[in-house]
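As structure tokens, the structure follows; a few thoughts come after it.
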Amino acid sequence: MERIRSNSPCWCGANAKYKRCHGDRRLLRRDRVQIGAVGPPRPVPDHIERPDYVITGTVGTPRSYQIQDDESLPRLRRACRVAAEVLQEAGRAVAPGVTTDEIDAIAHRAYIERGAYPSDLHYKGFPKSVCTSVNGVICHGVPDDRPLDDGDIVNVDVTAYVEGMHGDTSATFVVGAVDEPTRALVETTRQATLRGIDAVRPGEPIRRIGEAIEPFARSRGFTVVREYGGHGIGATFHAAPQVHHHIARHDTERFQVGMSFTVEPMLLSGGTSFTQADDGWTERIDDDMPSAQFEHTVLVTEAGAEILTVTADGIGATSRTSVAVPAPPA
Ligand SMILES: [Zn+2]
């Protein structure tokens, strides 16, 4: 799939040039997200088990894969189910006028109610229980007192630590009424995430994920962040392998049955350069054009990949259809 050109017919099938339809940068453009005041970390009851890095204050650099067995897999399933439930509760709270700190409060309570520790909290000093990344913030936004505005998009990234396992999932939610090009960014990212997961086959190279995601994103006029990838996850929050969402020809690592990792592409609608804000966390795209991300924790099975970050009803980050856009022409 080729990258769509400005003067090409739009991928959506409308009788218009891409640059006058889903590629219209005037509609996509956003004001720079200003960083607000960040409140104190929320307390976690003593009876809830903490990850080691919270106790020691240091994060190791493990190079090992996370391979699940009959003992560990049920625990990972539980952590992932909790993460999906917390994300669902947080997502229901997204609305114009709601601050990202209020979303953090709702998520925090949802973790605690389920006996889970919010893995982000005190991870390398991160002060909050979820990441909330608005518009041109590509990732690691810190919940603050900025109210969400009608037409914003916000990614909420949840990681739950339960029974010695981390489950990690995120979704991008639309706030009120968003314009069509922005809606298409979100929907394309949702579909790209599922395409990446669908490409998993035991024994095949891990680069199959990026080979599925990047051409699809480019065919709709979006680019894929290269600097951040998915990661092995299980007893360790961030482990091997590094999962590229772009085409990485040099990557020769292969999927193994029982391997658990995240698939979490970030798609961009403009330039690709970004800068970390002074808070040491917030990664903001330099041209302030919006970015979107979805994330699941998955398990390699004999047949392919199973998405673990779903509720008991099978609902997860990518289940939403409220942002659907017309299918591209065949
Ligand atoms: Zn279009």
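The values are calculated or read from the model by the stated rules, or taken from the named source; none is laboratory data. Just so it is clear, the model here is predicted, and its values are computed rather than measured. Because the Cβ atoms are built from the backbone with ideal geometry, glycine has one as well, and the counts that use them run over all protein chains shown. Side chains included, ligands, DNA and RNA excluded: accessible areas come from the protein's heavy atoms. Shrake-Rupley method; radii C 1.70, N 1.55, O 1.52, S 1.80 Å.
What the table shows:
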read-out: Burial ranking of peptide ranges 199-206, 14-21 (average Cβ count within 10 Å, highest at the top); value: 199-206, 14-21
read-out: Protein-only accessible surface order, largest first, of THR252, THR275 at 1.4 Å; value: THR252, THR275
read-out: Residue-count net charge about ALA177 - beta-carbon cut-off 12 Å; Lys, Arg +1, Asp, Glu -1; value: -4
read-out: For the range 200-216, 3J(HN,Hα) per residue [Karplus equation, 6.51 cos²θ - 1.76 cosθ + 1.60, θ = phi - 60°, Hz, x = Gly/Pro]; value: 6, 9, x, x, 7, x, 5, 5, 4, 5, x, 5, 7, 7, 5, x, 5
read-out: Sequence ranges 30-36, 54-60, 177-183, ranked by mean other-Cβ count within 10 angstrom, highest first; value: 177-183, 30-36, 54-60
read-out: The range 28-149, Cα convex hull volume normalised per residue, Å³; value: 145 Å³
read-out: Whole-number accessible area per residue in Å² for the chain, which is evaluated in the context of all protein chains at 1.4 Å; value: 41 Å²
read-out: Accessible area of the range 69-319 belonging to carbon and sulfur atoms, whole % at 1.4 Å probe; value: 46 percent
read-out: DSSP loop GluC sites (Glu not before Pro) with at most 12 other Cβ within 10 Å: longest gap in the chain; value: 72-226
read-out: Phi-based couplings in Hz for the range 284-291 (Karplus 6.51, -1.76, 1.60; Gly and Pro marked x); value: 10, 5, 5, 9, 6, 6, x, 10
read-out: Whole-angstrom Cα spans of the chain along principal axes, big to small; value: 59, 47, 36
read-out: Cα centre as origin, Lys/Arg/Asp/Glu Cβ charges: the range 69-319 dipole, Debye; value: 660 debye
read-out: Sequence of TRP281, TRP11 when ordered by accessible area, the most exposed leading, probe 1.4 angstrom; value: TRP281, TRP11
read-out: Packing-based order for 103-109, 61-67, using average beta carbon neighbours within 10 Å, highest first; value: 103-109, 61-67
read-out: Positive-pole candidate from THR182, GLY164, VAL98, dipole of the chain, charges at beta carbon; value: THR182
read-out: Helical contribution to [θ] at 222 nm, DSSP H n ≥ 4, -39,500 (n - 2.57), averaged over the chain, rounded to 500; value: -7000 deg cm²/dmol
read-out: The range 68-106 and the range 121-143: distance between their alpha carbon centers, rounded to Å; value: 14 Å
